[in-house]
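Below you'll find the structure, written out as structure tokens, and then a few comments.
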Amino acid sequence: MAAPATPSNLRIDAGRLWSSILETARIGATAKGGINRLTLTDLDRQVRDWFVAACRAAGCTVTIDALGNIFARRPGRDNALPPIAMGSHLDTQPTGGKFDGVIGVLAGLEVLRTLNDSGIETQAPIEVINWTNEEGSRFAPAMLASGVFAGVFTPDYAYTRQDRDGVSFAEALDGIGYRGEAPCGGRKLGAFFELHIEQGPILEAEAKTIGVVSGVQAMRWYELTLTGADSHAGTTPMRLRRDALLAAASVIQAVNALALAHAPDAVGTVGLIEARPNSRNVVPGEVFLTIDLRHPDDAVVAAMEHQLGIALDAIAAEAGIGASLDRNWDSPAVPFDPDCIAAVERAAAAQGLPARRITSGAGHDAAYIARVAPTAMIFVPCDGGVSHNELENASAEHVAAGANVLLQAVLETDARLYGS
Ligand SMILES: [Zn+2]
């Protein structure tokens, strides 16, 4: 007879987790192997119904809050204690993959099933959470309902967001029957862990299985309008031109140089550009472009912004054009909780999994939850770093490894906070 599982050698059922991923991937499946499951659509309702039924079958009580966030709770010894929570999101981009968000929710479910199988009783209740509208594809901004939970947005702000057809978030939420009775927020969590694919190439390139996420990097977004003069492409001598698109070329080079000057962690991107009037025989008199600067350290992003201003002044003076820069988003760096990070790191080490610390380059629900609960994330590699793409792929082995780290981090945190 096999020895009974003790908490530290307990492992999830990798096959059962993979089956859950494939089963829910049928809801909104695309021809290219991805998922199109926009938030608060009927497909979102179907996957929510699947998740709620699975959680109830696992003996959980299910609470739905006023923003449609779903909390499935497995009781502990003392149900007055704030729960140790896990979770992520089941909504996808219109051409999303099978793993982004999904594995964080389904691995949480698998952890609860594993605890049930082994008969382990935790001190605090353990919860799995599905956050509404993480992607922001149908209703901007992203991470809307975890943001309301954390007090970043008001419920009314969320309810009045509209999709491109003019349907409000509130109408869509009521339409699928997922506006719950519980208020959104004010629900104390002992800790929160989110398992997610990396959505970047670093873990794969370094052959690491686990990314121990130390936080989310700072991001600032800008809009830049360069104003020169429209003039005839045939009759305006080169020395008399005020070519805004030529100046934009220098700006793009400058943004790139700025990021390289703060290597290896800084990134800088001009991702959108519009030349006006955009006619083949007119020297472009106006250009609109966006700039995205990111770095794990707020002070470095601030320094990059300062240097960007100096570069823009020089480019504008040289080209004889005007430059108007607007910062329209400023998201400070989010450091995760040192004890939660350490729990993830120890869980990976105890299982012999190659791991490294990593900063998240993208936003996640955990970035908002970190404002109201001790939080950390676990990354697993995805093929080529490809995500927000129907070809997004992760291996069953890596997803299972991530789920096992999640399980052990949750058990250790329950014992650390509340005693075993
Ligand atoms: Zn995601």
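Within the span defined as region 147-164, one or more residues are open to solvent by less than 40 Å² (accessible area, probe 1.4 Å), of a type in the set (Gly, Ala, Ser) and more than 16 Å from the ligand (Cβ to nearest atom). Among the residues making up region 301-312, those that are surrounded by fewer than 20 Cβ atoms within 10 Å (Cβ to Cβ) and touching a residue at least 60 places away in the same chain (Cβ under 8 Å) are GLU305, ALA311. Within region 77-110, restricting attention to residues that are more than 16 Å from the ligand (Cβ to nearest atom), in contact with a strand residue (DSSP E or B) (Cβ under 9 Å, 6 or more places away or on another chain) and open to solvent by less than 10 Å² (accessible area, probe 1.4 Å), the residue that is nearest to HIS388 (Cα to Cα) is LEU109.
Only a single criterion out of (1) under 20 Å from PHE99 (Cβ atoms); (2) part of a strand (DSSP E or B); (3) away from the ligand (no atom under 16 Å from the Cβ) is not satisfied by MET377, namely (3). The set of residues in region 119-138 being touching a Phe, Trp or Tyr at 6+ places or on another chain (Cβ under 9 Å), assigned to a loop (DSSP other than H, G, I, E, B), away from the ligand (no atom under 14 Å from the Cβ) and under 22 Å from ALA182 (Cα atoms) consists of ALA124 alone.
Look through GLU198, GLU194, GLU206, GLU181 and report the one residue that is of a type in the set (Asp, Glu) and touching a Phe, Trp or Tyr at 6+ places or on another chain (Cβ under 7 Å).
GLU198
Residues in region 29-53 that are touching a residue at least 24 places away in the same chain (Cβ under 8 Å), open to solvent by 10 Å² or more (accessible area, probe 1.4 Å) and among the small types (Gly, Ala, Ser): GLY33 only. Of all residues in region 391-400, those that are open to solvent by 30 Å² or more (accessible area, probe 1.4 Å) and under 22 Å from ASP91 (Cβ atoms) total 2. Take the conditions assigned to a helix (DSSP H, G or I) and within 16 Å of the ligand (Cβ to nearest atom) and apply them to GLY402. Does it pass? Yes; evaluated as a whole, the condition is true for this residue. Each residue in region 342-362 was checked for being outside any strand (DSSP E or B) and either away from the ligand (no atom under 16 Å from the Cβ) or open to solvent by 40 Å² or more (accessible area, probe 1.4 Å) (or both), and 13 pass.
When the residues of region 380-390 are filtered to those that are more than 13 Å from the ligand (Cβ to nearest atom) and at positive phi, the one that is surrounded by the fewest Cβ atoms within 10 Å (Cβ to Cβ) is GLY384. Residue-level analysis places ALA266 outside the set of residues that are within 30 Å of THR359 (Cα to Cα) and in contact (Cβ under 8 Å) with a residue 40 or more places away in the chain.
Check every one of the strands (runs of 3 or more DSSP E) wholly within region 168-248 and list those with 2 or more residues that are of a type in the set (Val, Ile, Thr). Spell out how you get there, then give the answer.
Working: elements: 191-197, 210-216, 218-227.
The strands (runs of 3 or more DSSP E) meeting that bar are 210-216, 218-227.
The values are calculated or read from the model by the stated rules, or taken from the named source; none is laboratory data. Predicted model only: the values in this text are computed from it and were never measured. Every residue, glycine as well, gets a Cβ built from its backbone with ideal geometry; the counts of neighbours run over all protein chains shown. With ligands, DNA and RNA removed, areas are computed over all heavy atoms of the protein, side chains included. Shrake-Rupley method; radii C 1.70, N 1.55, O 1.52, S 1.80 Å.
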